[in-house]
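These notes are about the structure you will find just below.
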Amino acid sequence: MTSASSAPASGAAARGGSLADFVGQTLAITAVEVRKLIRDPTELVTRAVQPALWLLVFGQVFSRIRAIPTGHLTYLEFMAPGVLAQSVLFSAIFYGIAVIWERDLGIVHKLLASPASRLSLVLGKALAAAARALPQALIIYLLAALLGVRLSARPGALLAVLLLVALGSAAFATFSLVVACIVKTRERFMGIGQVLTMPLFFASNAIYPIELMPGWLRVVARANPLTYLVDGLRATMIDSGPSHFGLAADAGAVFLLLAVLLLIAARLYPGLAR
């Protein structure tokens, strides 16, 4: 009786230990990546330059000419969440080049030889990308406030913005890792990254409503994950901001993308070392 009852308990303990190991390995990888940012905080400033220009130049000009109908929002208010999503995309989409550097330096071989699972390695890097995006989001938030954007101050909305930014950054960084595992060279990766960023941005609702798009572009926009990130940020970041799809659908779409990409990246990651 004692041995029979202790078997399930030992099995549960083993599963708990395995989960604890997975969490510990994932957080260790995340900590290593975050420490790189702490050593070079100037990266945060340089990453904020492009979205600042979009808000200060593009947003200000189009707010004056009123060329794009945005309902009860000013154009700058409509555009601010799109600029935040753009900064998340542009910084995360080139995250994979660091992994190619790690391969060239032999770091990937060492990681693959460690007890850490492939999924924990990939998830750790995704979480690190999410952490790196949060200070950048704060900079854009402060700039938008200085420009008079009516930002939501509700704690729940602020938390939702941070979660969406983290989810979006993790998803696009994992996509970048998938691309890096496939192309395996810095030159090809940079070319593909540059080809992908602008279509993803302009085929979304970041700087104009979906309703203004031609029919074929509406179909592309609805399949574009950046569209759902922008829609979720617009509903939470802006006071009385509209949502085209609903916040649950927006967060669910980005989360589903992240989950699928994590599984793909975990399967491809060992091949990067070859």
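Nothing in this text is a laboratory measurement; each read-out follows from the coordinates by a stated rule. In this text, all values refer to a predicted model and were calculated from it rather than measured experimentally. No Cβ is skipped: glycine too gets one built from the backbone with ideal geometry, and neighbour counts run over all protein chains shown.
Observations, loosely collected:
- Rounded to the nearest 20, the Cβ-based charge dipole of the stretch 2-273 about its Cα centre (Lys and Arg +1, Asp and Glu -1) stands at 280 debye.
- Residue order, fewest to most beta carbons within 10 Å, for Trp216, Trp101: Trp216, Trp101
- Gyration tensor (alpha-carbon) shape descriptor, the stretch 115-254, a/c threshold 1.5: oblate
- The stretch 139-228, relative contact order in percent, only Cα pairs under 8 angstrom and at least six apart counted: 17 percent
- Dividing the summed helix terms, -39500 (n - 2.57) for each DSSP H run of n ≥ 4, by the number of residues in the chain produces a 222 nm estimate of -26000 deg cm²/dmol to the nearest 500.
- Förster radius 41 Å - calculated FRET efficiency between Arg186 and Ala153, Cβ distance, rounded to 0.05: 0.45
- The relative contact order of the chain comes to 26 percent, based on Cα pairs under 8 Å that sit 6 or more residues apart.
- For the pair Ser117 and Ile38 in one chain, pulling the backbone fully straight at 0.36 nm per residue adds 25.9 nm over the alpha carbon distance.
- Residues whose placed amide H lies under 5 Å from that of Ile238, excluding near-sequence neighbours: Ser152
- Cα shape, the chain, gyration tensor, a/c 1.5 rule: prolate
- Per-residue 3J(HN,Hα) values for the stretch 190-206, derived from phi via the Karplus relation 6.51 cos²θ - 1.76 cosθ + 1.60 with θ = phi - 60°, read 4, x, 5, x, 5, 5, 7, 5, 5, x, 4, 6, 6, 8, 9, 9, 5 Hz in sequence order (x marks Gly and Pro).
- Global geometry of the stretch 158-230, whether rounded, prolate or oblate, following the gyration tensor of its Cα atoms and the 1.5 cut on a/c: oblate
- Ser204, Ser152, Ser169 arranged by Cβ crowding within 10 Å, fewest neighbours leading: Ser152, Ser204, Ser169
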